[in-house]
1. Restricting attention to the stretch 66-83, report how many residues are under 23 Å from Gly112 (Cβ atoms) and either at pLDDT 95 or above or within 16 Å of ligand 2 (Cβ to nearest atom) (or both).
2. I'd like to know if the stretch 89-99 contains one or more residues that are within 13 Å of the chain's Cα centre (by Cα) and at negative phi.
3. Looking only at the stretch 225-245, how many residues end up being over 19 Å from the mean Cα position of the chain (by Cα), more than 10 Å from ligand 1 (Cβ to nearest atom) and part of a loop (DSSP other than H, G, I, E, B)?
4. Restricting to the stretch 37-60, and then to whatever is small (Gly, Ala, Ser) and away from ligand 2 (no atom under 14 Å from the Cβ), can you tell me which residue is farthest from Val222 (Cα to Cα)?
5. Restricting the stretch 43-72 to residues that are more than 14 Å from ligand 1 (Cβ to nearest atom) and in a helix (DSSP H, G or I), which is surrounded by the fewest Cβ atoms within 10 Å (Cβ to Cβ)?
6. I want to confirm something. Restricting to the stretch 147-178 and keeping residues that are among the polar types (S, T, N, Q) and either in a helix (DSSP H, G or I) or touching a helix residue (DSSP H, G or I) at 6+ places or on another chain (Cβ under 6 Å) (or both), which single residue is farthest from Met217 (Cα to Cα)?
7. Pick out the one residue from Ile63, Ile119 that is under 18 Å from the mean Cα position of the chain (by Cα) and at pLDDT 90 or above.
8. List the pairs whose first member sits in the stretch 150-179 and is more than 24 Å from Ser113 (Cα to Cα), whose second member is among the small types (Gly, Ala, Ser) and assigned to a helix (DSSP H, G or I), and whose Cβ atoms are under 7 Å apart, counting only residues at least 6 apart or on separate chains?
Amino acid sequence: MKDQAERLRMLMGMQKKQMKIFTVTSGKGGVGKSSLALNFGIAFNRRGRRSLIIDTDFGFSNIDVMLGVRTPFDLMDVVKGRKEINEVIETGLEGVQFISGGSGVYELTKLGSAQLMGIVEKVLSLESVCDTIIFDTGAGINDNTLRLIRASDDTVLVTTPEPTSVVDAYALLKIVNEQGVRPNVSLVLNKVEDKREAVSVMDGLIRIVEKNTDIKMKKLGVISRDANMLSAVKKQVPILVSHPLCAASADINQIVGSMLNISAQERKKPGLAGFLERFISRSDMVKE
Ligand SMILES: Nc1ncnc2c1ncn2[C@@H]1O[C@H](COP(=O)(O)OP(=O)(O)OP(=O)(O)O)[C@@H](O)[C@H]1O
Ligand SMILES: [Mg+2]
């Protein structure tokens with residue numbers, strides 16, 4: 001593990017181009033993380049960036065299903081050394097690239113930090129294929145998600161206005177804080193019916209997070225509840241493609257504009273080099 005960390009440090013010294021790396025996460029499940037991660041990827045591409053979505057909901061992967069792309073290979077093939085990482089990248093509509101986290105593979109749900117570190121090392125070789133990485137996580141917190149949250153330039157925390165979802169978002173940040181992780185968090189309220197009410201929910205959550213943790217969280221935006229989101233999943237076409245002008249698509253476009261403006265000003269080292277440094281910086285999170 002130590003040797004691997006040293007090799008990563010050496011490799012990251014060789015990185016030239018700056019990547020933007022986001023992690024999309026939530027406390028409660030089913031709030032729209034994967035739908036958003038996918039559409040963020042499409043929106044980034046439309047703005048001239050080349051995005052890669054990495055589905056880290058290991059064993060319960062569904063970005064591939066949402067895109068209607070069958071993936072012959074997934075991260076398990078990389079973990080097992082059967083494939084190189086560039087061989088498991090699939091391309092969907094509008095050139096959006098993704099790596100499937102695999103589905104129905106029990107072993108994947110048990111992916112340890114050492115194995116994830118191995119994958120991250122391979123991500124280093126992806127500079128030629130992408131400049132924006134979006135990690136889609138499973139709901140809740142585990143060691144791997146904690147590492148991604150700590151290492152990313154920005155963590156997009158998704159919740160709905162429902163109290164249960166907001167409380168779970170807060171619980172997630174409490175754990176992150178207790179673990180000594182201080183990420184930049186951007187809050188997105190999804191499935192919103194009343195935008196004014198949504199803003200007050202966001203303000204309330206930000207206040208309580210500020211009061212009880214050392215985490216900095218800002219409002220990124222709200223996304224309307226929109227029935228087209230469901231039909232997009234059914235059609236296996238991202239909503240930005242199937243319904244580019246609907247309410248949720250307009251909201252997503254606005255949010256992605258803000259995401260691109262997110263500067264890594266509070267980070268000493270932005271981009272891939274900073275990501276890796278933060279990813280490997282605390283061996284005490286590796287309980288193997
Ligand atoms: N803005 C929205 N309006 C209406 N429905 C939405 C919206 N966003 C997401 N959904 C729907 O909510 C459901 C869950 O979405 P999604 O799978 O993206 O959530 P998730 O957070 O990734 O779930 P999980 O925690 O299981 O990974 C889907 O049926 C999706 O179509
Ligand atoms: Mg999901």
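1. Here is the first cut: in the stretch 66-83, the residues under 23 Å from Gly112 (Cβ atoms) are 71, 73-83.
From what's left, either at pLDDT 95 or above or within 16 Å of ligand 2 (Cβ to nearest atom) (or both): 71, 74-75.
Qualifying residue count, the stretch 66-83: 3.
2. Taking the stretch 89-99 as the starting set, the residues that turn out to be within 13 Å of the chain's Cα centre (by Cα) are 98-99.
When the remaining residues are screened for being at negative phi, the result is 98-99.
Yes; the residues of the stretch 89-99 include at least one that is within 13 Å of the chain's Cα centre (by Cα) and at negative phi.
3. Number of matching residues: 5.
4. Only one residue fits best here, namely Gly48.
5. The extreme case among them is Arg46.
6. Keep residues of the stretch 147-178 that are among the polar types (S, T, N, Q), which gives 152, 155, 159-160, 164-165, 177.
Now restrict to residues that are either in a helix (DSSP H, G or I) or touching a helix residue (DSSP H, G or I) at 6+ places or on another chain (Cβ under 6 Å) (or both): 155, 159, 164-165, 177.
Numbers: Thr155: 9, Thr159: 13, Thr164: 19, Ser165: 17, Asn177: 12 Å.
Of everything passing the filter in the stretch 147-178, Thr164 is farthest from Met217 (Cα to Cα).
7. Numbers: Ile119 fails: at pLDDT 90 or above.
None of the other options fit; the residue is Ile63.
8. From residues that are more than 24 Å from Ser113 (Cα to Cα), the pairs are Thr159/Ser165; Thr159/Ala169; Pro161/Ala198.
The values are calculated or read from the model by the stated rules, or taken from the named source; none is laboratory data. Please read all numbers here as calculations on a predicted model, not as lab measurements. Note: ideal-geometry Cβ built from the backbone for every residue, glycine included; neighbour counts use all protein chains shown.
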